[in-house]
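**Q** So that we are looking at the same thing, I have put the structure below in structure tokens.
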Amino acid sequence: MKNIALKQTPAPFVLFDKFETPNTRTTSPQAIRNQIIQKVWEDEAFKQQFIANPKLAVKEAFGIELPTTAQIKVVEESSDEYFFVIPPKPSEMKQQDVKEFPSW
């Protein structure tokens, strides 16, 4: 039996919860995620760029510059393949990161 609920959490976008840019001050992190997903679905060229170089794609399309130290991996789910992202263990995170980390 498949657990469809696993598809609902795009955890790699946690970065947008932590970094504020001119465009994110008035836009919620969830709205940014939704805009990226919508653009991926509608624009094949953007999708390919986002898969190949997500930082550049997001910067060019949305004006959001992610830190150079952030590593972003983009994976595309299919109807029969799902990904489960294991978040960092809170006890192993720096104290300031724990309060920013989203709860499930």
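The values are calculated or read from the model by the stated rules, or taken from the named source; none is laboratory data. Keep in mind that what you see is a predicted model, and the values were worked out from it rather than measured. Don't worry about glycine lacking a Cβ; one is built from the backbone with ideal geometry, like all the others, and counts go over all protein chains shown. Only protein heavy atoms, including side chains, enter the accessible area calculation; ligands, DNA and RNA are left aside. Shrake-Rupley method; radii C 1.70, N 1.55, O 1.52, S 1.80 Å.
**Q** With a point put 7 Å past each Cα toward its Cβ, work out how far Glu44 is from Glu92 in nm, to one decimal.
**A** Here the answer is 4.1 nm between the modelled labels.
**Q** Please list, in chain and number order, the residues 5+ apart from Asn53 or on another chain whose amide H is under 5 Å from its amide H, with Hs placed from the backbone.
**A** Hits under the 5 Å cutoff: none.
**Q** HN-Hα J couplings of the stretch 37-49 from phi, Karplus 6.51/-1.76/1.60, θ = phi - 60°, integer Hz, Gly and Pro as x?
**A** 4, 4, 5, 4, 5, 9, 10, 4, 5, 4, 4, 5, 5
**Q** Something else: Rounded to the nearest 10 Å², what accessible area does Leu56 show when all protein chains are kept and the probe is 1.4 Å?
**A** Leu56 exposes around 70 Å² with every protein chain in place.
**Q** What does the accessible area of Ile51 come to, in Å² to the nearest 10, when a probe of 1.4 Å is used?
**A** Per-residue accessible area (Ile51): approximately 70 Å².
**Q** Can I ask one more? Need the full-extension length gain, Glu60 to Ser78, defined as separation in residues times 0.36 nm minus the C-alpha distance. One decimal, nm.
**A** 3.8 nm
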